[in-house]
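Readers should treat all values here as calculations from the given coordinates under stated rules, not as data from a laboratory. Here the structure is a predicted model, which is why all the values come from computation and not from measurement. Cβ sites come from the backbone with ideal geometry, for glycine too, and all protein chains shown count toward neighbours.
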Amino acid sequence: REQHRSWTVSYSIEGKQFVPTWMFLSGYISMWVLFSLIAAILQVLFHNFTLISSQLKLVNPYVSGGLLIAAGIYQLTPLKNSCLKNCQTPLYFIMENWRYGKKGALIMGFKHGFYCVGCCWVLMLLLFAAGVMNILWVALIGLFIFIEKIIAKGKGVNYISGIALILFGLWIII
């Protein structure tokens, strides 16, 4: 059964209405906007405490090394693995968490966005150690996230990267 509206078509099966995809996307994008606001606040704090250079790179080796070590430890946690599993397979996530209606789609979007932010937030914060505006590091971290999410479905990538980040963080501090 179709109901034509001015800008969307709505379908229903067994009396339950499907909603436009943008409802799901609104929740998903909202989680990334929230993360971005937190990262911006962190950048202002780093600037106020003179921990960041004009190139937006952390200048204190203890803070940079500590961030790398924290990222490495997070790569090894069950929380990271859970978030990554739910973010890697959006279709599986939707099938397991399906909710009807606009509110349901929005909640599903928030939840899926939470998992995707949850698997990547520490890696994104590594840009403070490498330089937020350093396009090479942005590309390398983006490539790693791509490999972690799309290509490598196992935990091996997380363990190798976690240990490497911890060792690199210790090397920077020492």
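Data overview
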{"item": "Gyration tensor verdict on region 39-111 (Cα atoms; rounded if a/c is under 1.5, prolate if a/b is larger than b/c, oblate otherwise)", "result": "oblate"}
{"item": "Within the chain, longest stretch free of exposed trypsin sites (Lys or Arg not before Pro) [DSSP loop, at most 10 other beta carbons within 10 Å]", "result": "6-174"}
{"item": "FRET efficiency, 1/(1 + (r/R0)^6) with R0 35 Å, evaluated for residue 98 and residue 136 via beta carbons", "result": "0.30"}
{"item": "Option label - Rg/Rh (Cα atoms, Kirkwood Rh) computed here, alternatives (1) 1.08; (2) 1.22; (3) 0.97", "result": "(1)"}
{"item": "Degrees between helix 101-130 axis and first principal axis of the chain (Cα, 0 to 90, nearest 10)", "result": "10 degrees"}
{"item": "The chain: Cys lacking any partner C-beta under 4.7 angstrom", "result": "120"}
{"item": "Gain on full stretching of the segment that runs from residue 76 to residue 37 - 0.36 nm per residue minus C-alpha separation", "result": "11.4 nm"}
{"item": "Dipole magnitude (debye, nearest 20) for region 52-174, charges at Cβ of Lys, Arg, Asp, Glu", "result": "420 debye"}
{"item": "Entries of 57/149; 85/111; 80/103 with Cα pairs more than 19 Å apart", "result": "57/149; 80/103"}
{"item": "Helix-only CD estimate at 222 nm, as mean residue ellipticity for the chain, using -39500 (n - 2.57) per DSSP H run (n ≥ 4)", "result": "-23500 deg cm²/dmol"}
{"item": "Amide H contacts of residue 52 (H built 1.01 Å from N, under 5 Å, at least 5 apart or other chain)", "result": "59"}
{"item": "Residue 29-residue 174 FRET efficiency (beta carbon distance; Förster radius 30 Å; 0.05 resolution)", "result": "0.15"}
